[in-house]
Amino acid sequence: MKKRMKFFEIYQCYFENALRDAKVQGMIDGEIDVERVAGEMGAYFMGQMTFARIRNRLDGLECDLGDGLFRLIGVKKRPCDTT
């Protein structure tokens, strides 16, 4: 159990750092609760990975995962080219 919790903590820290960096670089407009949004991003990431594993398919994961994470922080991203 401790290993799994450590795994989630690592992702939480990663997303927090990424959000702070994006804010400093001007990629995110307005105020953002870094800890809360990082937690939401981690939950979304793990959910998408779990769903891909259950389906035993990775197709579409890159586009869906990226688009969803960007939506969580309010950043508009060019739609993925799926062709």
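The values are calculated or read from the model by the stated rules, or taken from the named source; none is laboratory data. The structure displayed is predicted, hence computed values, not measured ones. Cβ placement follows ideal geometry from the backbone for every residue including glycine, while neighbour counts extend to all protein chains displayed.
Quick rundown of the values:
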read-out: Residue, modelled with the highest pLDDT, within the range 4-23, restricted to residues that are surrounded by 14 or more Cβ atoms within 10 Å (Cβ to Cβ) and basic (Lys, Arg); value: 20
read-out: Checking residue 59 against (1) assigned to a helix (DSSP H, G or I); (2) at pLDDT below 85, the condition it does not meet; value: (1)
read-out: Residue 65, sole failed condition from (1) part of a helix (DSSP H, G or I); (2) modelled with pLDDT of 85 or more; value: (2)
read-out: Some residue of the range 25-34 being modelled with pLDDT of 90 or more, outside any loop (DSSP other than H, G, I, E, B) and either out of contact with any Lys or Arg (no Cβ under 8 Å at 6 or more places or on another chain) or surrounded by 14 or more Cβ atoms within 10 Å (Cβ to Cβ) (or both); value: yes
read-out: Total residues in the range 14-30, condition without any contact (Cβ under 8 Å) to a residue 24 or more places away in the chain, closer than 15 Å to residue 70 by Cβ and not hydrophobic (A, V, I, L, M, F, W, C); value: 3
